[in-house]
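Working notes for the structure below.
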Amino acid sequence: MSSRSSIHEILHTNTGLTKETEAEVRRAMGQTLKKIDAVGIEIARLQDRLVLLCQKKRDTAKFIEAHEGLLSPIRRLIPEILQEIFWLCLPVAHNSVLSAEEAPLLLGQVCHRWRQVAYSTPKLWCSLHISVP
């Protein structure tokens, strides 16, 4: 009978150990502790690798986020279509107010292209409400 099976047989008993069996248990525990240490080292190595991979994933996602706007369909609209959309953004209940929180000024704050289109569209500016304090 191998010593491993003899150790297993007495594991759940109160039987005393012979010196040989005790020595075998100590050797087995020593080998197992080395395995635990090796697994711990491998875990640490994998955790370091995981940190690097997570950073690489974040960097890649930032690239996508920064560039996805380049593919936006609104970029393909010709200025005349944007002008019509901007005109539909004007308030219908009253004349436009010169306010940065309302069209047409608000539209010019979106981006350079929208500012150019909005400022070069006369019908957006033909009826403005100017409050005099």
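Data overview
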quantity	calculated
Per-region count, the range 100-113, residues surrounded by 13 or more Cβ atoms within 10 Å (Cβ to Cβ) and over 13 Å from Leu124 (Cβ atoms)	2
Selection within the range 56-92 - within 15 Å of Leu124 (Cα to Cα) and free of Cβ contacts under 8 Å to residues at least 24 places away in the same chain	Glu80, Ile81, Glu84, Ile85, Leu88, Cys89, Pro91, Val92
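Taken together, the values in this text are just the output of simple stated rules run on the coordinates, not laboratory data. What you see is a predicted model; the values in this text were computed from it and never measured. We place every Cβ from the backbone using ideal geometry, glycine too, and count neighbours over all the protein chains shown.
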